[in-house]
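Quick one: structure below, then a few questions.
The values are calculated or read from the model by the stated rules, or taken from the named source; none is laboratory data. The structure displayed is predicted, hence computed values, not measured ones. Note: ideal-geometry Cβ built from the backbone for every residue, glycine included; neighbour counts use all protein chains shown.
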Amino acid sequence: MARTSKAKSPPERAFLEIRDVSKKFGDFTALTDITLDIVEGELICFLGPSGCGKTTLLRAIAGLDYQTTGRIYQKGRDISDAPPADRDFGIVFQSYALFPNMTVAKNIAYGLVNRRIDRKAIAGRVQELLELVGMPGSDDKFPAALSGGQQQRVALARALATSPGMLLLDEPLSALDAKVREQLRHELKDLQRSLGITTVMVTHDQEEALSMADRIVVMSDGRIAQVGTPMEIYRNPASAYVADFIGSMNFLRGKMGSGGQVQVGRLKIALPEGAAKQFAKGDDVVVCIRPEDVAVRNLERFKAKKFAMSINDVEFLGS
């Protein structure tokens, strides 16, 4: 049953606090009153369709686009007006953004060189990161000689080179083919867990968010629609929008009856315990049912033990 609810801030100490952040581009409002706590060490996904504001929110956190109103705090420090260089993060873009005239080693070392770190220490750190992302021996290669997956690994290594407190990922896997995307998805999650780095990831891919995130922020029209774990978002959507956007869902319109039941045509559907309390008899309601929750029972009551149906279309998706 779709219902409205307000997400609670997590009890752990917040690494990043976003308070009443809004962003306007002229007359267009991209973000409206965003308030969110991001816990240290978690991987949180901003999920939503194109134009929902997820990338704008990431850019506000990074300082690439300043918010119009509201404040952002990192470990208690107000970074609302700080330039990107004064914020403790590494960022990976969808387009990789590698320097084509630099080798892999020089791309990874770029941030370290700018900090005037000792050359020997830089060389050691580059080798360490190449091992970490599974590309040892690739020091002298140029980006043009690498596959898309390899380029994204180099971009990730570069983002981690300065040991940032937070990693920002702007749809890092969307430009890759399906098999590489799935492989890197697992590698990225394992790497994030092993490093324990606070990570914010933007994606429009529901499967990506559900499989990788500790928590998901579902966004719509510049607002937060729901915040929760993948299981919470999937099993207890806060609205019909979230229910429809995450996974597959059947929507049945009916009227609230008595005894915790909804009348849908000639069918009566019993609601889960407690779900009917927020509705009065006669209220228009929408019952949401996941396909996997539909089961055929009491077949012994049907003599034919079969259903008549027609197949309109077939999509081959493999095993």
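So which strands (runs of 3 or more DSSP E) are wholly in the range 212-300 and hold at least 2 residues that are surrounded by 15 or more Cβ atoms within 10 Å (Cβ to Cβ) and not assigned by TED's automatic domain parsing to the domain that holds Thr29?
Fully inside the range 212-300 and qualifying: 250-256, 261-264, 284-289.
If I filter the range 84-102 for residues that are in contact (Cβ under 8 Å) with a residue 40 or more places away in the chain and either part of a helix (DSSP H, G or I) or over 28 Å from Leu184 (Cα atoms) (or both), do I get at least one hit?
No, the conditions are met nowhere in the range 84-102.
Hey, another quick one. State whether one or more residues within the range 199-211 are free of Cβ contacts under 8 Å to residues at least 40 places away in the same chain, in contact with a helix residue (DSSP H, G or I) (Cβ under 8 Å, 6 or more places away or on another chain) and of a type in the set (A, V, I, L, M).
Yes, the range 199-211 contains at least one residue that is free of Cβ contacts under 8 Å to residues at least 40 places away in the same chain, in contact with a helix residue (DSSP H, G or I) (Cβ under 8 Å, 6 or more places away or on another chain) and of a type in the set (A, V, I, L, M).
Test Ala62 against the criterion of being touching a residue at least 24 places away in the same chain (Cβ under 8 Å), closer than 25 Å to Pro136 by Cα and not charged (D, E, K, R), and give yes or no.
Working: touching a residue at least 24 places away in the same chain (Cβ under 8 Å): yes; closer than 25 Å to Pro136 by Cα: no; not charged (D, E, K, R): yes.
Against the criterion (touching a residue at least 24 places away in the same chain (Cβ under 8 Å), closer than 25 Å to Pro136 by Cα and not charged (D, E, K, R)), Ala62 does not qualify.
Follow-up. Name the residue that is nearest to Ile233 (Cα to Cα), counting only residues in the range 258-292 that are at pLDDT 90 or above and acidic (Asp, Glu).
Glu292
Which of the residues that make up the range 276-291 are under 16 Å from Arg253 (Cβ atoms) and in contact (Cβ under 8 Å) with a residue 40 or more places away in the chain?
Val285, Val286, Val287, Cys288, Ile289
Follow-up question, since we're still on this one. Could you look through the range 73-100, keep only residues that are in contact with a strand residue (DSSP E or B) (Cβ under 7 Å, 6 or more places away or on another chain) and under 28 Å from Ala144 (Cα atoms), and pick out the one that is modelled with the lowest pLDDT?
Here the answer is Gln94.
Return the total of residues in the range 173-204 being surrounded by 19 or more Cβ atoms within 10 Å (Cβ to Cβ), modelled with pLDDT under 90 and either closer than 19 Å to Val217 by Cα or more than 16 Å from the chain's Cα centre (by Cα) (or both).
Qualifying residue count, the range 173-204: 2.
Tell me which residues, restricted to the range 135-161, are among the polar types (S, T, N, Q) and in a helix (DSSP H, G or I). Walk me through it before giving the result.
We begin by selecting, within the range 135-161, every residue among the polar types (S, T, N, Q); these are 138, 147, 150-152.
Correct list: Gln150, Gln151, Gln152.
Which members of the range 139-172 meet the condition of being surrounded by fewer than 19 Cβ atoms within 10 Å (Cβ to Cβ), in contact with a Ser or Thr (Cβ under 7 Å, 6 or more places away or on another chain) and either among the aromatic types (Phe, Trp, Tyr) or within 21 Å of Leu16 (Cα to Cα) (or both)?
Passing the criteria: Phe142, Gly165.
Go through the range 113-134 and give me each residue that's surrounded by 19 or more Cβ atoms within 10 Å (Cβ to Cβ) and either on the phi > 0 side of the Ramachandran plot or not in a helix (DSSP H, G or I) (or both).
Val133
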